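The values are calculated or read from the model by the stated rules, or taken from the named source; none is laboratory data. Small disclaimer: the values here were computed from a predicted structure and weren't measured. All Cβ positions, even for glycine, are placed from backbone atoms using ideal geometry, and neighbour counts span all protein chains on display. Each accessible area value is taken on the protein alone, full model and side chains, heavy atoms only, with ligands, DNA and RNA left out. Shrake-Rupley method; radii C 1.70, N 1.55, O 1.52, S 1.80 Å.
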Amino acid sequence: MLMHVEPSHSFDLAAYLGSRRARIDATLESLIALEEPRVLFEAMRYSLLAGGKRLRPILCLAACELSGARAEVALPTACAIEMIHTMSLIHDDLPAMDDADCRRGRLASHKMHGEALAILAGDSLLAHSFEVIARHTSGVPAKRILAVIAELGRAAGPRGLAGGQVEDLTHEGKRCVSVETLEDIHHRKTGALLTASVLSGALLGGADGPTKGRLRRYAERLGLAFQIVDDILDVTSTCEALGKSVGRDASAQKATYPRVLGLAESTRLAEALIADAKDELGCFGERAAPLVALAESTIAAIR
Ligand code: GRG
């Protein structure tokens, strides 16, 4: 039976996030130093070091620690995951995709560097991410590293991000999209990389089967809730670099939870998913405090 998990009031999430982000940002900075061709490295760094929340790498480090290893073991993989995520954001913003002008409070990569360089910066980040894992991970059996590479390759490819994006584009503008289709799109576009982030940490940390199962279910629920919240917040998003409300208006054409279920039901569903996600971690007690607090923070913005 699942234990109900109450919020951990003693856990200081803000301090935790601050120190984790600082560690991740410093490592990312060192992993992509400026080289030739300079314009390419500048474009990679422009998007990667633009100050995202670093949720996926933080999840990876937290899952590694919960599984019994030092977070440091998973640091190269955590940074590689942020590279894959950033690559997907750059390509998502392209005119052929969402055609967005802004990202992370700045001009989108193609608006700043032109389309060709934006595409190549994304491609380079994706390729570099796997090189980083292979070259920089140490103190872990090679078998675990291979399993991580397989997880992340799957999450980025046709069964994950790329496939989810195709599904999303296919359904764009359609009046009737079922909840099942929507769930499938979101599982691939958002859930796959979030889940792979948590599982990679678990694999590197040496988690046993039941722990991996619980972490997977936690991450799947969190991933879906995260996307529902993102859809809800989309309605009010703004771009400081342009000084105007953008509301990611490509999403006016997109299948989203608020459009299919309405705002109230979407909010209720996100809350229920987060409660389920936390319940998966009940048996780990205080060890799961960071992951529980992260799950709670995901829906704080819509409460
Ligand atoms: C990876 C091969 C490959 C292709 C990419 C373009 C594409 C295919 C997929 C799009 C995936 C995408 C952009 C999904 C949206 C996920 C999402 C909710 C992004 C926002 O994440 P946050 O809020 O952003 O964590 P920050 O900026 O904080 O990192």
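Quick rundown of the values:
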read-out	value
Extension gain (nm, one decimal) between Ile302 and Ala147, 0.36 nm per residue minus Cα-Cα	52.2 nm
Value of [θ]222 nm, deg cm²/dmol, for the chain, DSSP H segments ≥ 4, -39500 (n - 2.57) each, nearest 500	-20500 deg cm²/dmol
Charge dipole (the chain, unit charges on Cβ, about Cα centre) - positive-most of Gly282, Thr256, Ala272	Gly282
Solvent-accessible area, 1.4 Å probe, carbon plus sulfur percent, for the chain	54
Part-to-part distance (alpha-carbon centres) for segment 194-235 and segment 161-181, which is given in Å	21
Cα centre as origin, Lys/Arg/Asp/Glu Cβ charges: segment 136-186 dipole, Debye	300
Listed pairs Lys174/Lys278; Lys174/Lys212; Lys143/Lys278; Lys189/Lys278; Lys143/Lys212; Lys53/Lys278 exceeding 26 Å between Cα atoms	Lys174/Lys278; Lys174/Lys212; Lys143/Lys278
Unit charges at the beta carbon, dipole of segment 72-181: most positive-side option, Thr137, Ala155, Leu94	Thr137
Student exercise, the chain dipole from Lys, Arg, Asp, Glu Cβ charges, in Debye to nearest 20	420
Once the Cα gyration tensor of segment 74-193 is diagonalised, semi-axes √(5λ) in Å	27, 20, 10
Relative packing of peptides 113-126, 80-93, 212-225 - highest average C-beta neighbours within 10 Å first	80-93, 212-225, 113-126
Length-normalised contact order for the chain - Cα pairs under 8 Å, 6+ apart - percent	23
Normalised alpha carbon radius of gyration of the chain [divisor 2.2 N^0.38 Å]	0.96
Selection of trypsin sites (Lys or Arg not before Pro), segment 173-209, meeting DSSP coil and at most 15 other Cβ within 10 Å	Lys174, Arg175
Per residue, in Å², the accessible surface of the chain once ligands and nucleic acids are set aside, probe 1.4 Å	45
In nm, spacing of pseudo-spin labels at Gln253 and Tyr16 (7 Å Cα→C-beta vector)	4.1
Segments 255-262, 195-202 sorted - mean Cβ within 10 Å per residue, highest first	195-202, 255-262
